[in-house]
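The values are calculated or read from the model by the stated rules, or taken from the named source; none is laboratory data. What you see is a predicted model; the values in this text were computed from it and never measured. Positions of Cβ are generated from backbone atoms using ideal geometry, with glycine treated the same way; all protein chains shown enter the neighbour counts. SASA here: full protein model, heavy atoms, side chains in, ligands and nucleic acids out. Shrake-Rupley method; radii C 1.70, N 1.55, O 1.52, S 1.80 Å.
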Amino acid sequence: MDTFAEMQTWGHEQVLFSHEPSCGYFGIIAIHDTTLGPALGGTRVWQYESTEAAIRDVLRLARGMTYKSAVAGLNLGGGKAVIIADPKRADRESLFRAHGRFVETLGGRYITAEDVGTSPTDMEFVKRETKHVAGLLNLSGDPSPVTGYGVYVGMKAAAKAKWGKDSLAGRTIAVQGAGKVAYYLMTHLKEEGARLVVADIDQEKVQRVVDELGATAVAPDAIYDVEADIFAPCALGGIINDDTIGRLKVEVVAGGANNQLGEMRHGREIEARGILYAPDYVINGGGVINVYGELQGWTMQRAKRKAQEIYDTILRVFSIAERDGIPSFEAADRLAEERIKSVAALKDMWVAGDR
Ligand code: NAD
């Protein structure tokens, strides 16, 4: 892979590498676009099979963050970090302090947080070396309540676009996953009077929502065949694919999981079947809103109020899709690009004391 060619194709600003021999730290930070603000995105720890695989992943993830924050209306750019290591490694302090020193060298151009393979405790080690870190213990903490709430309001917007009214009372929602995001989503759905059908590979989690929220359980693979109004993927990525699309008996797909489309073409295929798709990174933006709130010193209530805007954003995405005759996942990209372009086009004004 030619890294510069990839950066040129996808518009990345900067890619940095760092090595700390004392603890065998190998880290990469990718900054995609800082037009709207400092690049924010979590740190992923993964045992990549090669440096090239790690670069590919960090480039893709950093770009995704630019789009997610742009459509969420935040003053943030997109970036991401990866550490090439076993996510279960025991010597967390040295690893994450080395990472913190690396983040600090960027002076705030990149702000890190948790991702796959990292926890708030790891971020506390990062914090010893840099202030450019969020997702800390006793601050905004677990983003799932805000993410779940954002998915709920985004689902209501999708209902409004599909059926003309946004009430979910009496609607049947098939939820894949009964983890953190799914749980909070389902509490709101239950409160509104929706019927819940749920599947998870973890039986304890399923039992909790059956007991607490009156959900009906189905086997993990059966969730795609449930006759329902809405399918809410809240577990894995890539679940809208050649094997599942033909099985879906729903009119809307709206859920919290990242990267729901197996490939881009599945976003077109699902719409060709008359199923309205609420793009994943728009509807699950509550997580990044929560982290942004931590940086701004917001309460969870304020973060939730910001997450309410996901309702209007989802409707805007659908109207751009209609305006331009494109599928909704492309319309989401267009909305993000339009915001970045319009901010970039603002005329620079000379201010006394400037440069
Ligand atoms: P989680 O680990 O709490 O929940 C995921 C659940 O999916 C687990 O209960 C797991 O057992 C279940 N699962 C795994 N494989 C499954 C399968 N084949 N069938 C059914 N269930 C299966 O994670 P989470 O934080 O709730 O995140 C869920 C999704 O939302 C992920 O895709 C995540 O990237 C995305 N997301 C989360 C947040 C957040 O704030 N937590 C924000 C944005 C996006």
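Going residue by residue through the stretch 67-78, is there one that turns out to be open to solvent by less than 30 Å² (accessible area, probe 1.4 Å), in a strand (DSSP E or B), modelled with pLDDT of 95 or more and under 19 Å from Ser119 (Cα atoms)?
Among the residues of the stretch 67-78, not one is open to solvent by less than 30 Å² (accessible area, probe 1.4 Å), in a strand (DSSP E or B), modelled with pLDDT of 95 or more and under 19 Å from Ser119 (Cα atoms), which makes the answer no.
Can you tell me which residue is surrounded by the fewest Cβ atoms within 10 Å (Cβ to Cβ) among those in the stretch 95-150 that are of a type in the set (S, T, N, Q) and assigned to a loop (DSSP other than H, G, I, E, B)?
So the first thing to find is which residues in the stretch 95-150 are of a type in the set (S, T, N, Q), and the list is 105, 112, 118-119, 121, 130, 138, 140, 144, 147.
Remaining after also requiring assigned to a loop (DSSP other than H, G, I, E, B): 105, 118-119, 130, 138, 140.
Working: Thr105: 12, Thr118: 25, Ser119: 13, Thr130: 21, Asn138: 7, Ser140: 24.
Per the stated criteria, the residue is Asn138.
From the list Gly287, Gly256, Gly237, which residue is modelled with pLDDT under 95 and assigned to a loop (DSSP other than H, G, I, E, B)? Walk me through it before giving the result.
Values: Gly287 fails: assigned to a loop (DSSP other than H, G, I, E, B); Gly256 fails: modelled with pLDDT under 95.
After ruling out the rest, the residue left standing is Gly237.
Of all residues in the stretch 301-315, how many are open to solvent by 20 Å² or more (accessible area, probe 1.4 Å) and not in a loop (DSSP other than H, G, I, E, B)?
Of the residues in the stretch 301-315, 9 are open to solvent by 20 Å² or more (accessible area, probe 1.4 Å) and not in a loop (DSSP other than H, G, I, E, B).
Can you name the residue in the stretch 224-233 that is touching a strand residue (DSSP E or B) at 6+ places or on another chain (Cβ under 6 Å) and farther than 17 Å from Gly262 by Cβ and, of all such residues, is most open to solvent (accessible area, probe 1.4 Å)? Give the steps one after another, and end with the answer.
Going through the stretch 224-233, the residues touching a strand residue (DSSP E or B) at 6+ places or on another chain (Cβ under 6 Å) turn out to be 226-233.
Those left that are additionally farther than 17 Å from Gly262 by Cβ: 226-230, 232.
Working: Val226: 23, Glu227: 146, Ala228: 15, Asp229: 31, Ile230: 0, Ala232: 0 Å².
Checking each candidate, the answer is Glu227.
Quick one: which residue in Ala174, Ala178, Ala157 is out of contact with any Gly (no Cβ under 7 Å at 6 or more places or on another chain) and part of a helix (DSSP H, G or I)?
From the options Ala174, Ala178, Ala157, the qualifying one is Ala157.
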